[in-house]
Amino acid sequence: MNGILVDSCVLLDLFTDDQNWADWSESTLEKYSLTNTLHINSIVYTEISIGFSRVEEVERAIEALGIKVLELPREALFLTGKTYLKYRKNKGTKTSPLADFFIGAHASVSQFGLVTRDMAKYKTYFPQVQFIHPNEN
C-alpha cells in the first residue's frame, strides 16, 4: 500500500462520537497511521464538512488526525466513469456516479488501502482494493 484512504463514515464516527463505531474507527486510524499516511479526497471532505459550521473547523479536525487531503487523480475520474457505466449496465438506478465510486476509484488507482465500514459497493466494483474494515481477520 502507498497509503490509506479514509472513508467518510469512519471520520463521521469520530466527529459524532458514534456509540457503536467510534472506538473501532479511532483505534483503526491510530493503528494504520503508525505505518501509513492517511488521506481523504475532496469527496470525503465534502461529506464530512456538513457537520461543521466553518471550513477552519474542518481543517483543524483533519489536521488533528494527521490526515492529508488529496485531489482526485484524472485516472480515478476516468475509472469512476467506467465504474458508473458498469453500474448502469447492471441496472443501477442512480443518474450520476455515486460518491463511493469516486472514493473506490481513487483508492484503486493510487494503490491505497481503504478504511471503511460500508463495503457493499466498494467490494463489488473495486475488488482489487485492500479493505480495512470491522470484519477483517
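Less than 12 Å from a label point 7 Å out along the Cα-to-Cβ axis of THR124: which backbone N atoms in region 78-97 qualify, by residue?
The answer is 84, 86-94, whose backbone nitrogens lie closer than 12 Å to the label point.
Residue by residue through region 13-24, what is 3J(HN,Hα) from phi via Karplus (6.51 cos²θ - 1.76 cosθ + 1.60, θ = phi - 60°)? Round to whole Hz and write x for glycine and proline.
Listing the rounded values in order: 4, 6, 5, 9, 6, 4, 5, 8, 10, 4, 5, 4 Hz.
Let me know the longest stretch in the chain that avoids all GluC sites (Glu not before Pro) found in a DSSP loop with at most 16 other C-beta atoms within 10 Å.
1-70
Between beta-carbons, use under 11 Å as the cut-off and find the net charge around ILE43, counting Lys and Arg +1, Asp and Glu -1.
Values: positive: none; negative: ASP7, GLU47, GLU71, ASP100.
Here the charged neighbours net out to -4.
Most fluctuating residue of THR35, THR93, THR46 in a GNM of the chain with Cα springs under 10 Å: which is it?
Per the Cα network of the chain with a 10 Å cutoff, THR93 tops the list.
Between 0 and 90 degrees, rounded to the nearest ten: what's the tilt of helix 99-110 against the longest Cα principal axis of the chain?
For helix 99-110, the angle is close to 90 degrees.
Below 28 Å, Cα to Cα, which lysines can LYS82 reach? Residues fewer than 8 away in the same chain don't count.
In chain and number order, the partners are LYS68, LYS91, LYS94, LYS121, LYS123.
Here, each number is a calculation from the coordinates, and none is a lab measurement. As the structure is a prediction and not an experimental result, all values here were calculated from the model. With ideal geometry, Cβ positions are generated from the backbone for all residues, glycine too; neighbour counts draw on all protein chains shown.
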